[in-house]
Structures are given as C-alpha cells and as structure tokens.
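Heads up: the structure comes next, in structure tokens.
The values are calculated or read from the model by the stated rules, or taken from the named source; none is laboratory data. What you see is a predicted model; the values in this text were computed from it and never measured. Neighbour counts are summed over all protein chains in view; Cβ atoms, including those assigned to glycine, are modelled from backbone coordinates with ideal geometry. Ligands, DNA and RNA are excluded from the accessible area calculation, which covers all protein heavy atoms including side chains. Shrake-Rupley method; radii C 1.70, N 1.55, O 1.52, S 1.80 Å.
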Amino acid sequence: MRYHTKEYYRLLMALGRADCYEPVIDKDTYTEEDIAELYQRAQDRYVEEERADYDAPPDPMIDDEDLEEFDPEDFTFYAPGLFDDADPDDQTPRRPADREELMKLCEKMYALAVEEYENRMPFDEEEAKADFEEMYRDNLREPDEDLPDWVREAVDPRIIAMEFLPEKIYMKLLAEDEANERSFDALDEAADEACEARMEELPPEYREFTEVLEDLEDSIVISLGMEKGIFSSEEDDAWLEILMVGWSDEGKEVPRILKFMKPEFMEDEGIEVNAREDEYGDSDSDCEFLYGELYLEGGSPEFHMLFDNNGLKYLTFRCEEAVAEYGWNNERCRIGKVS
C-alpha cells in the first residue's frame, strides 16, 4: 500500500479514544467505596441518557432541502402498505415513483411515529438499570481494545468498564488523540490528493474498478485463495479468487467476488481466512477487507490491498486480468493489460 497503509489505519482507529470516556478525580488508590460511588454515578448517567432518548419526540422524516436532486433509487420502503395503490398481501419493498409520492410516504410515516410516541408506555427505569449492568459486565469481559496498553495497565478495569478514566490518564490520552489526529489528517490529505491524481491518469475501466474496491471496503472475507480453470480448462489458467459478502437493500447476503488471472505476488503476509456462520445464520469471518489501491504499472493492473486478519496484513500483486462480480457470475467490470 502506498497511501492507505497500516500506519494510516492504526491512526484512524486511534482517533477520538478519549471521547468515549469521562474524567473522574485522581486517587492513588480507589477503595471499594469509591468504586461503588463511581458505579452509582455511571448508572445514573446512563439512565438519564436513556430517559432523554426515550422522551425525545420523533423528527420529521425528510424536508424539501433533502429533495433538491431526487433519485428514487436512494429510498426504499419496507412497509409497502403505505403506498396508496398497495395490495395488503404484497410485502415487496418498493421505491417511490416521484418526489410527491416520497413526501406523502414520509408524512404518513411521521404521523405513525407521532401516534406511537404519544401512546408510549412510561419510561422503565429498572430496565435501563439492568441494561447498564449488562453493558458493564460486557465491558469487563471484553475490554476496550482501542485503548493503549499503558491506560489498561494503569487503571482499574472496573473504572474503564464504567467508561470513566482518572483525570491525569484522561488528559494524557486526550493529548495523544490530538497528536494522532494531526498525523492522520496529514496522511489522509496526501491519500486524497494522490487518489484524485491517480484517477485522472487511469483508463475509464480502471477507474470503475477502483470504485468497486471502494464499495467493498469493510466487507468480510469468506475465502481467499488460488483456483485453477475458473474460465478455462488450461492447466496454466491460475486465478486468485477473493469471495466477500455484501448485503442487498432487503438485508440479504450477496456474494462479492474478485478474480485475478495469473497473479505475480510482490508482497504476501500470509492471509488465512476462517469463515463461519454466527448464531443467527449470517456469515462471519476473522478477515476483513479494509482498503484497495489499483495502479497501472508496465501496462498491467497492480493491486495493493490491506486486510485485518488477526492483525493487519498486506497483499500486493500484478495480474493479467481482473474481474469483479456482484452475485454469482454477475459481472460488473473487467480490466486487463493496456498496451
């Protein structure tokens, strides 16, 4: 990677760490009584935040300024009964035909939201307290991985689980965050400028493939490996295939597939994918595609990729041809050598 490097990603993940915490008075030692008082303070804060959210009236769904450039593809309604011509038995998601229909649908949804708000049950404070206790226990079991080691080593994990930090620790972390932000902003600006310059130089089909890579950022990877004879029966027809998972407007999983013919690897840090189904039957994996950069080098497509696979790992290679598919055998774009 030339711009979206491991350093770039680590700085991105380190932004705003102190924002998740509230400073509390410093003490050399926190007694059990101190911990109990902090717990009560954290619980009271959580309950009041939940109460404020619960009592906040619904916002209008949309206003005229949002519709200056109306595109029905931007709006999908999963309550088809709201449409005037709807068949009550048809539950197929629909898009509005024009601006006027969209406004009418939003007005109906807002009216339903107001009615539900006005008839809501009283706020359940005990339920909020139970939710806080569950969150606290979860934070104890799975500590915040974004916090640097020096913070976790210096602070009682119970205090961190309440989303507090002693003031001196908090101020030191805040200073680190500000330094990280300055470093990240410099790298991000350089990456944006380089990307714009590169896009102007690339052929149209390469620019389209770059947009595919951007669409796939943060996708989970189901498999990554070499295949034989994907498009040919010839023995030397070797392809690198990367299968990822995306989601349709209806929330259904859709395969996103990248195929690269005869890759010549320049950097391979040993990506090993372990995919599975979670408790809800959805795909899960220990590998995530973070960034991809596409270059035209020596007339061939050259790919620079960054994955999170039990640590950050690079994969860099050139190939003769690349194909992107959305769905099985549903080709979106293809690039090859340029003479």
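The table below gives the values:
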| quantity | calculated |
| --- | --- |
| Angle between the chain longest axis and helix 125-141 axis [Cα atoms, degrees, rounded to 10] | 50 degrees |
| Helix-only mean residue ellipticity at 222 nm for the chain, each DSSP H run of n ≥ 4 adding -39500 (n - 2.57), per residue, nearest 500 | -12500 deg cm²/dmol |
| The chain: most fluctuating residue of Glu163, Glu293, Glu100 per GNM, C-alpha cutoff 10 Å | Glu100 |
| Centroid-to-centroid separation of the stretch 151-186 and the stretch 100-142 [C-alpha atoms, Å] | 31 Å |
| Cα-centre dipole for the chain with unit charges at Cβ (Lys and Arg positive, Asp and Glu negative), debye to 20 | 1320 debye |
| Three-way shape label, the chain, alpha-carbon gyration tensor, a/c 1.5 | oblate |
| Of Lys252/Lys313; Lys108/Lys129; Lys6/Lys337; Lys27/Lys172, pairs whose Cα-Cα distance is over 24 Å | Lys252/Lys313; Lys108/Lys129; Lys6/Lys337 |
| Heavy-atom accessible area per residue - the stretch 124-281, 1.4 Å, Å² | 60 Å² |
| Whole-percent carbon and sulfur share, accessible surface of the chain, 1.4 Å | 45 percent |
| Only Lys, Arg (+1) and Asp, Glu (-1) charged, at Cβ; the stretch 1-55 dipole about Cα centre in debye | 760 debye |
| Residues in the stretch 297-339 reached by a label modelled at Met199 [backbone nitrogen below 18 Å; 7 Å Cα→Cβ] | 304, 333 |
| For a label point 7 Å along the Cα-to-beta-carbon line of Glu116, residues of the stretch 246-281 with backbone N under 19 Å | 250-251 |
| Percentage relative contact order, the chain, counting C-alpha pairs under 8 Å, at least six apart | 17 percent |
| For the stretch 7-47, with +1 on Lys and Arg beta carbons and -1 on Asp and Glu, the positive-most of Tyr39, Tyr21, Leu11 along the dipole | Leu11 |
| Degrees between helix 167-201 axis and first principal axis of the chain (Cα, 0 to 90, nearest 10) | 30 degrees |
| Among Gly327, Gly292, Gly81, residue whose mean-square fluctuation peaks in a GNM of the chain (springs only between Cα atoms under 10 Å) | Gly81 |
| Helix axis angle, 32-55 relative to the chain longest principal axis, alpha carbon, degrees | 70 degrees |
| Selected from Tyr280, Tyr326, Tyr206 as most flexible by GNM, with the chain as the system and alpha-carbon contacts under 10 Å | Tyr280 |
